[in-house]
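Participant: Handing you a structure now.
The values are calculated or read from the model by the stated rules, or taken from the named source; none is laboratory data. Since we're looking at a predicted model, the values are computed, not measured. Methodologically, a virtual Cβ is constructed for each residue, glycine included, from the backbone with ideal geometry; neighbour enumeration extends over all protein chains shown.
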Amino acid sequence: MNKRGKDGSAKANIESRQGEMVWGVVYGIAKSDIDRLDKYESLGRGYRADYLDVVTPDKKTISA
């Protein structure tokens, strides 16, 4: 984890690496909530939001 919070704590992140995968959870949230979350987490100051296709264990692809 290479992102530090104002309080000095580490923040979770994912770094891209060719041929690797990450297991996780995808939550559906409203656009207005994404905007609030980005403001709260200071989007653009130390991190960026990336949108990508996620392949589920049953081989379905969703945009996230």
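Participant: Give me the residue from region 1-29 that is more than 12 Å from the chain's Cα centre (by Cα) and surrounded by 10 or more Cβ atoms within 10 Å (Cβ to Cβ) and, out of that set, modelled with the highest pLDDT.
Facilitator: Ala10
Participant: Taking the residues in region 35-64 that are under 17 Å from Glu15 (Cα atoms), of a type in the set (Gly, Ala, Ser) and exposed (fewer than 11 other Cβ atoms within 10 Å of the Cβ) as candidates, determine which candidate is nearest to the chain's Cα centre (by Cα).
Facilitator: Looking at the filtered set, the residue picked out is Ala49.
Participant: Which residue is nearest to Arg4 (Cα to Cα), if the candidates are limited to region 46-63 and must be assigned to a strand (DSSP E or B) and aliphatic (A, V, I, L, M)?
Facilitator: Val54
Participant: Which condition does Ser32 not pass, out of (1) surrounded by 10 or more Cβ atoms within 10 Å (Cβ to Cβ); (2) not in a loop (DSSP other than H, G, I, E, B), if it passes all the others?
Facilitator: (1)
Participant: A follow-up question, please. Of all residues in region 1-29, count the ones that are hydroxyl-bearing (Ser, Thr, Tyr) and outside any loop (DSSP other than H, G, I, E, B).
Facilitator: 0
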